[in-house]
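The values are calculated or read from the model by the stated rules, or taken from the named source; none is laboratory data. From a predicted model like this one, the values you see are computed outputs, not experimental measurements. As a convention, Cβ positions derive from the backbone with ideal geometry for all residues, glycine included, and neighbour counts pool all protein chains shown.
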Amino acid sequence: MSFEKEKLSYLHGITGSGKTEVYLNLVAEVLKEGNGAIFLVPEIALTPQMEKQFFDRFGDLLALHHSKLSAKEKYSNWLDLKSGKKRVVLGARSAIFTPVKNLSLIIVDEEGESSYKQDTNPLYDTRVLCEYMQNTRKIKVVFGSATPSLRSFYKIKEGFFSYHQIKARFNKKTLPNFDIVNLQAEFQNKNKSIFSKTLYEKMQEELLKGNQIILFVSRRGHSSFVLCRNCSEVLECVNCKISLTYHDSKKLHCHYCDYKIDMPKNCPSCQSTAIKYFGLGTQKVEEFFKKEFPNIKYARLDTDVTKYKGALESVLKKMEDKKIQVLIGTQMIAKGLDFEDVTLTAILNPDSMVKMGDYSARERAFQLFVQIAGRAGRSEKTGNVILQTYTPENDVYEYCKSYKVVEFMEAELIARKKLKFPPYFHLIQFLSSSEDVVIAEINIEKFYVELLLVLKDIEDCIVYPPQASPLEKIDKRFRFRIVLKTCFTLDIWTKIFGLIKSFRSKNKSRLKVIVDAENLL
């Protein structure tokens, strides 16, 4: 497969189509010419398997770069890359900044992943940086995925990217069978279990055959919130005004600032003992699975597990060596993992993702579900996917079931254009934050007035009035925001940049600017 040098290239291949082999061959060609390459992955969970494949091909020329490495390891790799001793980097988004000698190729695997964009300082989008490097430094850039982002699909349609498609799985393997289970019908039949009857029976069948299973849950922890059934109080973080997540350590955690408290016996508001946890997390699924299948070896994989050094590698090795039959996990198990005996994947709580109330929720959910489906049936064994939902009529699930990726993106682009959302319009958030709620609110009101004056003569600008952010308080800071939709010309950006600079110099609260945020929550 040949890629033209003048344009950024997009490799769109269905799950299990052999994209990694194409990537490896591209890197090998670059090394033959005496040049270097950067290979980016969205999740650290992908690194161990990728590391083995890359090390087998490139040996000591390979350097790793991700947050789990020590400062000493990163520094050693940095020096080796700068000197040319190592010439290939495999890592997460920050690897884009490594000093690869004679860099001539950058590959971004699973380009549609939101983790390539960093919304904390320093703010950057790895994909935008790659486009800049392709256009200004003539470094060849290849994006790849089974589920391209709508932004990239739009650029493909407009002719900005060259497009290469692999429509079949490697060795002509078939895509997994995809079943949608109606949980309303399960409830009417008195089944209140986490597992539907269909899923439970299929799990029994595959486990008896000695096959492996992946269970996807969208949230870590045990239960997503704790509620008092007497006064309806939801227990929240004192720093963030976000519902606390119950963990099986009998503690409540805030997943934004890491605030922790013991699970109370009484409601803090009314002192009732009628408090109960609700929602579904990885730990609750793990707890239920142990009761239903006590003799089956399993593992859980989420950030509560992988925060310990070596834990990620240990779990993946056990899965590869077939020492465990079931893997329960969050998003980190959805992409890139390749286990030949996985014949069943299950999506347990998809509705919370599809109905998140954000303009990009459908896109993110569709990408994730198709990728999870792609973990099954990657060898000669037939794969199966079971998605459990209370809304089986949702068209996102139907697109997933038929693996209609292009058709889904075409439909989403029509909706985005009508509503003036990215990629047709840029979406800019101006976020004012302060430990004093009054200061945060007053400053966003001031900025709103000045922004309207700056943009008053410019067409195709929609400025939404100030409001509290959906996540109103994070890490003791209150947050208020303005959202701007604009066609984003150089003239508009020059005026906005001047206003931001002036405003920051005169006001106490922080003003954060996020361009084309992955979501508005």
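Taking region 27-45 as the range and being surrounded by fewer than 21 Cβ atoms within 10 Å (Cβ to Cβ) and aliphatic (A, V, I, L, M) as the test, the residues that pass are Ala28, Val30, Leu31, Ile44.
Tell me, which helices (runs of 4 or more DSSP H) wholly within region 353-432 include 3 or more residues that are surrounded by fewer than 20 Cβ atoms within 10 Å (Cβ to Cβ) and not hydrophobic (A, V, I, L, M, F, W, C)?
Those helices (runs of 4 or more DSSP H) span 395-401, 405-419.
Going through (1) assigned to a loop (DSSP other than H, G, I, E, B); (2) crowded, with 20+ Cβ neighbours inside 10 Å one by one, Gly210 falls short only on (2). Residues in region 97-130 that are touching a Leu at 6+ places or on another chain (Cβ under 6 Å), touching a residue at least 40 places away in the same chain (Cβ under 8 Å) and surrounded by fewer than 21 Cβ atoms within 10 Å (Cβ to Cβ): Thr98 alone. Beta carbons closer than 8 Å, at least 6 apart along the sequence or on distinct chains, pair a first residue in region 344-372 that is of a type in the set (Lys, Arg) with a second that is in a loop (DSSP other than H, G, I, E, B) for Lys355/Thr391; Arg364/Glu518; Arg364/Asn519. Please go through region 144-173 and pick out each residue that is assigned to a strand (DSSP E or B) and in contact with a Phe, Trp or Tyr (Cβ under 8 Å, 6 or more places away or on another chain). The answer is Gly144, Phe161, Ser162, Tyr163, His164. A single entry from Glu320, Glu286 fulfils the requirement of being within 22 Å of Leu244 (Cα to Cα) and of a type in the set (Asp, Glu): Glu286. Just one of (1) in contact with a Leu (Cβ under 7 Å, 6 or more places away or on another chain); (2) surrounded by 14 or more Cβ atoms within 10 Å (Cβ to Cβ); (3) of a type outside the set (Val, Ile, Thr); (4) farther than 16 Å from Pro422 by Cβ fails for Phe478. It is (1). Checking each residue in region 438-495 for being over 18 Å from Asp516 (Cβ atoms), part of a loop (DSSP other than H, G, I, E, B) and among the β-branched types (Val, Ile, Thr) picks out only Ile458. Checked against (1) of a type in the set (Ser, Thr, Tyr); (2) modelled with pLDDT of 95 or more; (3) in contact with a Gly (Cβ under 9 Å, 6 or more places away or on another chain), Thr47 passes all but condition (2). Summed over region 194-207, the residues that are closer than 16 Å to Lys291 by Cβ and either surrounded by 20 or more Cβ atoms within 10 Å (Cβ to Cβ) or among the β-branched types (Val, Ile, Thr) (or both) give a count of 4. Residues of region 118-143 that are of a type in the set (Asp, Glu) and part of a loop (DSSP other than H, G, I, E, B): Asp119 alone.
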